[in-house]
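Working notes, beginning with the structure itself.
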Amino acid sequence: MANYERSTVLASTAPQTLTASFVDLGSSTFIVENYKQAWLYLNVDINSTQNATVQVLSKAQDGNWYYLPVYSAGTAKTLVDPSVYELNVDADQAQVISFDVRGATEIKFQVKAGTLGSPAGIILSAELVACEWMNT
């Protein structure tokens, strides 16, 4: 029996304007209980905003949300903190954020502006892709 990986697109979100406080990215949470790793693909129109920030939260069995730590960042443009991904190049950009979801059942993403500009930055699109082990 051989193991291989299969990737699945779990969701794509509508555009989200950045605010000074964290707001949910997308209208729902994402079920990831059968997956081991996930990638969030972001397309950002920064406008006059600085330091757009993304955080990933995982829902525990107790019903509370906890920060999910970073697994890796897509490029050097992303400042890596154990629980927050800051896009520290204030320019329009495409980023990929990777994180380990083993043991998680449900996750959600939140975004905010470090410094809110006028006009505010926009997450033009976000796509969540997850990977699972398959046996043959």
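Only the coordinates and a few stated rules stand behind these numbers; no lab work does. Note that the coordinates shown come from a computational prediction; the quantities given were computed from them, not determined experimentally. Using ideal geometry, Cβ is built from the backbone for each residue, glycine included, and neighbour counts are taken over all protein chains shown.
Worth pointing out:
- Computed extension length for residue 48-residue 125: 25.9 nm, one decimal, from 0.36 nm per residue of separation with the Cα-Cα distance subtracted.
- Normalised by 2.2 N^0.38 Å, where N is the number of residues, the alpha-carbon radius of gyration of the stretch 9-135 equals 1.01.
- Ranked by how many other beta carbons lie within 10 Å on average, peptides 57-68, 118-129, 35-46 from highest: 35-46, 118-129, 57-68
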